[in-house]
Amino acid sequence: MTKLWGGRFSKNTDALVEEFNSSISFDWRLYKQDILGSIAHATMLSKCNIITEEDRDLIIKGLKEILAEIENNSFEFKVSLEDIHLNIEKVLTDKIGQAGGRLHTARSRNDQVALDTHMYLKEEIKEVSNLILSMQEAIIEVCNKYPKTIMPGYTHLQRAQPILFSHHLLAYFFMLERDFRRFKGAFESADIMPLGAGALAGTTYPIDRHMVADELKFSRVYENSLDAVSDRDYILEFMSAASILMMHLSRISEEIILWCSSEFSFVELDDAHATGSSIMPQKKNPDIPELVRGKTGRVFGHLIALLTVTKGLPLAYNKDLQEDKEGLFDTIDTIKFSLAVYKEILLGMKVNEVRMRAVLRDDFSNATDMADYLVKKGMPFRQAHEVAGKCVAYCIAEKKALLDLSLEEFKSFSELFSEDVLEAMQIETCVDKRNSFGGTGSSQVQKTLQIAAGIISKEKETVSVYKAKTHF
Ligand code: ARG
């Protein structure tokens, strides 16, 4: 097939090279953005008297027909036409003749692919942000379902102090809030309009790039034509945000996988969200959290791959940059799927409150509160720590829990102990007294839940801004 760029060539492209060079198998995804971008470009060209209004109308009509054909699956993407841009331009020219050939005036594929990817990513960040919001709402719903449930809090995966289960889950809410903000930063970087770089140096035609930016709902225009076609920072920012998000989802996955084990038995996944074993009839496996944990690897991989592709690339466009898209698309698909599935996992999960509470009876996680009790009676904290440590060692030797000790036994460690020590060391008291800002005390957690609700409304406003700055 004759190429749109075939003028200076005297041989056909080698079949293997054609296949290797082509990106249509994955960049077809950009068709809506490509068509919308071309319509805006043609409109601007005619307003600037670079093409006639008749040509503009023919171009727009042809592009709309192509859009409909792609959407009803009657458009045939051809590897020989390399990528989405040439596939559309060739069919347009076949449809409308010479006017089609005028569309590419003052434009290069280098700026076209940059434009499409910026627009595509803006749409996807809107979707991802909505999914983060839904997962955060699910977290709040689960917190409200189990407002009084107490579980062991851990450091070094050793039981440390009792905490509210809702307090534990809310930690993930705030990780997701930071993820949301990072994606907002990526949106701002994607919200810059590259078209009109004219391959690299700008163009001799009297174009109006700001008009195209307004038409396509961009806030800014690239100030430098070389930067416009070489920049992939906005994709890297998105992939960095995606990697950190996946790291968070991988951490919650690891916890849920542990909690589902017989050793912990803290939670049970809904039957609809777990799978069985083909050989062991008793098994109920947490495949979905495991898969999310596993898929984190490919998202990190795509980030490193694109950093490596762009490192050392001379300005401006190089074909290496075509390698940005498969990793980007896979990152988008993976994080959207993971967020959507996680919301369901959380909402369906049953929490074993009895088991969580039972393990706290004799695990000494109220030892800090024993030390704090002595401090409040006047003992310096270091000394109180020592006394409580001795009590724990005594209990281990005697196979007792701290709350099993008699007042005499307490007093043998310090005269400062009196009857109220038992009340001070009740697990419920230990949790509820931790009322410092951001702590696990139930009145604090209620305040944190209110802060979380405020964050949700702010995030919803941000998503409305995204809606105003995107098309679909
Ligand atoms: N398919 C190419 C890409 O994705 C489009 C730009 C190609 N430009 C060029 N001059 N070969 O990067």
Of the listed residues (Phe329, Phe364, Phe300), the one being in contact (Cβ under 8 Å) with a residue 12 or more places away in the chain and either among the acidic types (Asp, Glu) or at positive phi (or both) is Phe364
Can you tell me how many residues within segment 271-297 are over 30 Å from Tyr146 (Cα atoms) and in contact (Cβ under 8 Å) with a residue 60 or more places away in the chain? 0
Given the condition under 28 Å from the mean Cα position of the chain (by Cα), among the small types (Gly, Ala, Ser) and surrounded by 23 or more Cβ atoms within 10 Å (Cβ to Cβ), answer yes or no: does some residue in segment 141-155 qualify? no
Restricting segment 83-96 to residues that are touching an Asp or Glu at 6+ places or on another chain (Cβ under 7 Å) and of a type in the set (A, V, I, L, M, F, W, C), the residue that is farthest from the ligand (Cβ to nearest atom): Ile88
Scan segment 326-344 and tell me whether some residue there is within 16 Å of the ligand (Cβ to nearest atom), modelled with pLDDT of 95 or more and farther than 20 Å from Leu131 by Cβ. yes
Scan segment 128-138 and tell me whether some residue there is in contact (Cβ under 8 Å) with a residue 60 or more places away in the chain, touching an Asp or Glu at 6+ places or on another chain (Cβ under 6 Å) and either within 16 Å of the ligand (Cβ to nearest atom) or part of a loop (DSSP other than H, G, I, E, B) (or both). no
Condition check: within 16 Å of the ligand (Cβ to nearest atom) and under 26 Å from Ala316 (Cβ atoms). Does Ser80 satisfy that? no
Considering only segment 105-119, I want to know if a residue exists there that is of a type in the set (A, V, I, L, M, F, W, C), over 30 Å from Lys336 (Cα atoms) and within 16 Å of the ligand (Cβ to nearest atom). yes
Taking segment 1-33 as the search range and keeping residues that are of a type in the set (Phe, Trp, Tyr) and part of a helix (DSSP H, G or I), which one is surrounded by the fewest Cβ atoms within 10 Å (Cβ to Cβ)? Phe20
Restricting to segment 175-202, count the residues that are part of a helix (DSSP H, G or I), among the aliphatic types (A, V, I, L, M) and either more than 16 Å from the ligand (Cβ to nearest atom) or within 23 Å of Lys458 (Cβ to Cβ) (or both). 4
Among the numbered criteria (1) in contact with a Cys (Cβ under 7 Å, 6 or more places away or on another chain); (2) part of a loop (DSSP other than H, G, I, E, B), which one does Leu449 miss? (2)
Index of the failed condition, Ile427 passing every other in (1) under 44 Å from the mean Cα position of the chain (by Cα); (2) within 19 Å of Val359 (Cβ to Cβ); (3) free of Cβ contacts under 8 Å to residues at least 40 places away in the same chain: (3)
Given (1) under 28 Å from Thr470 (Cβ atoms); (2) in contact with an Asp or Glu (Cβ under 6 Å, 6 or more places away or on another chain); (3) surrounded by 21 or more Cβ atoms within 10 Å (Cβ to Cβ), where does Ala99 come up short, assuming only one miss? (1)
Among the helices (runs of 4 or more DSSP H) lying completely within segment 203-270, list those that include at least 2 residues that are within 24 Å of the chain's Cα centre (by Cα), surrounded by fewer than 23 Cβ atoms within 10 Å (Cβ to Cβ) and touching a residue at least 24 places away in the same chain (Cβ under 8 Å). 233-260
Subset of segment 404-418 [within 17 Å of Thr429 (Cβ to Cβ) and surrounded by 15 or more Cβ atoms within 10 Å (Cβ to Cβ)]: Leu405, Phe410, Phe417
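The values are calculated or read from the model by the stated rules, or taken from the named source; none is laboratory data. For clarity, every value in this text was computed on a predicted model and none was experimentally measured. Here the Cβ is made from the backbone with ideal geometry for all residues, glycine too, and neighbour counts use every protein chain on show.
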